[in-house]
Every structure is written in C-alpha cells, then in structure tokens.
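Have a look at the structure below, then the notes.
The values are calculated or read from the model by the stated rules, or taken from the named source; none is laboratory data. Everything quoted here is computed from the prediction, not taken from an experiment. Quick reminder, even Gly has a Cβ in these numbers, built from the backbone with ideal geometry, and neighbours come from all protein chains shown. In case anyone asks, the SASA skips ligands and DNA or RNA and just uses the protein heavy atoms, side chains included. Shrake-Rupley method; radii C 1.70, N 1.55, O 1.52, S 1.80 Å.
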Amino acid sequence: MPLNESAPLYAVVPAAGVGKRMGADRPKQYLLLNDRTILSHTLSVLLSHPRIHQVIVALGPEDGYFDSLEEASHPRLIRVDGGRERSDSVRLALAAIEDKAAWALVHDAARPCLHHDDIDRLLAFPGDQGAILASPVRDTMKRAGADGTIDHTVPREALWHALTPQLFPAEALHQALVRGEQAGAVITDEASAMEREGWHPALVAGRPDNIKITHPDDLRLAQLYLASREAQ
Ligand SMILES: Nc1ccn([C@@H]2O[C@H](COP(=O)(O)OP(=O)(O)OP(=O)(O)O)[C@@H](O)[C@H]2O)c(=O)n1
Ligand SMILES: C[C@](O)(CO)[C@H](O)COP(=O)(O)O
C-alpha cells in the first residue's frame, strides 16, 4: 500500500544498544558530538520534521543519561524499554502504536547526521511496498574464505548498503517482526523482516553522510559532517 498523506507517521528510534564496538565508558548514543549527545542530535532531527506525528524511543536501562537530554521532556516523545536485540527494541516500540493506519519510520539512534532532505525523499518512495534509504556500493566487493583471504569477487551491480530510516506500515512491520522472532530468524533491519513476508521494498538513494556511528573513527567523521552543515 502507498503511504496515505493522512496516515499518522511515527518515528521509531532503537536506542537501547550498549555500543560494544565503540568501547566507550557509556553506550555510544550518549557520547558527545560537538555540543550534544548523539541521541539528542538524532531525536531533534526527527522531532523537527513536520510530517512526523510522534517519536517513540526504545531505551536501555541507562535512564540517567537519557533523562539529562533536552528532548526527554518533549511532548511528542514516547519512551519504551528496548530489548535484547535491535529487532526486539523496534518490535517493542511498535507495540506502543495503537492506530492501525499508522506508518513507522524506523531510524537508528546511532545515525545522527540524518537530513530532512533524506526523510522527504524516503516519504516520496515509489510503489506500495514500503522503502528504505540505501546507498549503492561504490567499491569492488570481495567474499573472504575461511582463511581470511579472498575467495572471490562479488559482482557489485545492484548491491546496496541498507541505511535507515526504513518506512513501513506499522502493524505489518510489527507482525513481521513477531513472526521473524518466532521463527528464530536473524533480523538486522526492518526490510529483512518484511522480505520474509514477501515484500519488495523500494530502495531510495540516500545521502552518503548518513553514517552509522559504530567505531571510534566514525565520531570524527560525523563531527565533520555536522560542522560543515552548520557552516552553510
Ligand atoms: N538491543 C538493541 C541493540 C541495538 N539497538 C540500537 O540499534 C541501533 C543500531 O545498532 P548498533 O549500531 O549495532 O548499536 P549497538 O548494538 O549499541 O552497537 P554494538 O553492536 O557495537 O554493541 C543503535 O542505535 C542501537 O542503540 C537497540 O535499540 N537495541
Ligand atoms: C539497520 C542497519 O543500520 C541497516 O544497515 C543495520 O543493520 C544495523 O546493524 P547493527 O549491527 O544493529 O548496527
């Protein structure tokens, strides 16, 4: 189904991770980026977009960090407890949406450089199968063998990096995540849960600066991206 202009749009923000790969003294979403936490940057981008009705954030047990955020008291922000895996956190956040006509725009807390232009492009997706922001692979891709050396080259035509936000009818996505969990499927993004249900979501080319902050080096890059935007 296409996104009806009158359908309420909820942003869902999985923010309950611990940031193992970052190796910081706190979950990475609470690290400072320029003058605000990563999570604050992400929430403010979503809360300031005119099409987004409410933002549901799935949190880990670090309430102390979250409560200190300016956005924590925002009237259109709903907080829920996250789960063991990212997909559990998204599923638990979706359970808070009662309106069956609602759509969900799921966006990683760890992607603070999201731009409104990308949200607008995603909302205008073609077709009726939902959509994800993605970036076409630019490099030659290699598959490693068991010994860590190159086994073979993977044709890069039609290969994309899946990004977020990912946009789907909230109820359909919730059911897909429930069934995926029941089947013991590995669900690393919302589209993979929908693909299990036979959906073929659109791929919408997104900005390359919409990076996921995963390792320490990503922080400096995100700082540069945000600083260059503020300078414009
Ligand atoms: N149980 C989990 C795990 C992850 N996330 C969120 O999903 C997003 C993408 O996950 P990732 O980058 O892997 O974050 P972490 O799981 O924290 O990182 P790591 O795998 O290094 O621990 C992050 O915003 C993270 O907070 C979540 O809400 N619930
Ligand atoms: C959802 C995602 O950002 C799309 O690329 C990615 O799958 C998240 O993976 P992670 O291991 O939970 O960071």
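Using only the Cα atoms, work out Rg/Rh for the range 190-232, with Rh taken as the Kirkwood radius, to two decimals. Don't skip to the end; give the middle numbers.
Details: Rg = 15.4 Å, Rh = 12.9 Å.
Here Rg/Rh amounts to 1.19.
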Report residue 10's accessible area, 1.4 Å probe, all protein chains in place, as a number in Å² to the nearest 10.
-> 20 Å²
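Can you tell me the relative contact order of the range 49-101? Whole percent, Cα pairs under 8 Å, sequence separation 6 or more. Let's see the in-between values first.
On the way: 49 pairs, mean separation 19.8, N = 53.
Relative contact order here is 37 percent.
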Accessible-area order (highest first, 1.4 angstrom probe) of the listed residues 199, 160 | 160, 199
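Which order do 85, 197 take by accessible area at a 1.4 Å probe, largest first?
On the way: 85 90, 197 65 Å².
Result of the area sort, largest leading: 85, 197.
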Heavy-atom accessible area per residue - the range 132-215, 1.4 Å, Å² = 54 Å²
Accessible area of the range 9-231 belonging to carbon and sulfur atoms, whole % at 1.4 Å probe = 51 percent
Beta carbons within 10 angstrom, averaged per residue: use that to sort the peptides 19-27, 51-59, highest first.
-> 51-59, 19-27
Among 214, 16, 80, flag the residue with its Cα farthest along the positive direction of the charge dipole of the range 9-231, charges on Cβ as +1 for Lys/Arg and -1 for Asp/Glu.
-> 214
Give, rounded to the nearest 20 debye, the magnitude of the charge dipole that the range 9-231 has about its Cα centre when Lys and Arg contribute +1 at Cβ and Asp and Glu contribute -1 at Cβ.
-> 300 debye
Residue 212 accessible area, 1.4 Å probe, all protein chains in place, Å² to nearest 10 = 60 Å²
When only C-alpha pairs under 8 Å and at least 6 residues apart count, what is the relative contact order of the chain, in percent?
-> 23 percent
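Kirkwood hydrodynamic radius, computed over distinct alpha-carbon pairs, for the chain: how many Å, to one decimal?
Numbers: mean 1/r = 0.0546 Å⁻¹.
When all Cα pairs of the chain are included, the Kirkwood radius is 18.3 Å.
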